[in-house]
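The values are calculated or read from the model by the stated rules, or taken from the named source; none is laboratory data. What you see is a predicted model; the values in this text were computed from it and never measured. Here the Cβ positions follow ideal geometry from the backbone for every residue, glycine too, while neighbour counts run over all protein chains shown.
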Amino acid sequence: MRIQTLQIESPPCLSSGGMPLSDEPIELDAFTQGCVDSLSRWFEEGWRQRNFDLIDDLFAPEFLAEGGASGRLDRLGYKTYCKRIIDMNPDLDTEIIEMVPAGDIVVSRARTWGTHTGVVQGIEPSGKSFETIVTDVWKFDAEGLIVHRTNAEYDFEYFREVLGFVPRFKL
């Protein structure tokens, strides 16, 4: 996993692709490192190992998820959403491309892939595979629990083209 921070100077020292000119690691303060570690744990143990009960440990009771295929979800709704994603795509996997931490906010970019082989909400399996990049903005409270997730990138047209429909989840 690559953890990267953007240090904006005046003028910004970014490459033409928007990335910092240097990949040298910087040291994070303990709180920010804890946020990165929690989010890494969520991707590894939650998504990759299918331990959605981890939501109860890492996500604040007032957690809110917004955007993407699910609209707005509270903590229980998000847990249900995660399970439905796996029901629809049992072979789903993900890998973190990068994380950009900034205090109590961490932006994650993850590559996600799978095959639509499960029935969800009456949608029959298409058997089609997909691969996409998911960008999320995560906010943490003072205790280091995740309080908010905004899906900043969800390619509706890609899913319509590859799967023949856009997955939307009503809970």
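Structure notes:
- Qualifying residue in the range 91-112 (condition: surrounded by 17 or more Cβ atoms within 10 Å (Cβ to Cβ), at pLDDT 95 or above, of a type in the set (Lys, Arg) and part of a strand (DSSP E or B)): no
- You will find that of ARG50, ARG2, the residue that is basic (Lys, Arg), surrounded by fewer than 15 Cβ atoms within 10 Å (Cβ to Cβ) and at pLDDT 85 or above is ARG50 and no other.
- Residues in the range 17-35 that are of a type in the set (A, V, I, L, M) and either surrounded by 15 or more Cβ atoms within 10 Å (Cβ to Cβ) or at pLDDT below 65 (or both): 3 in all.
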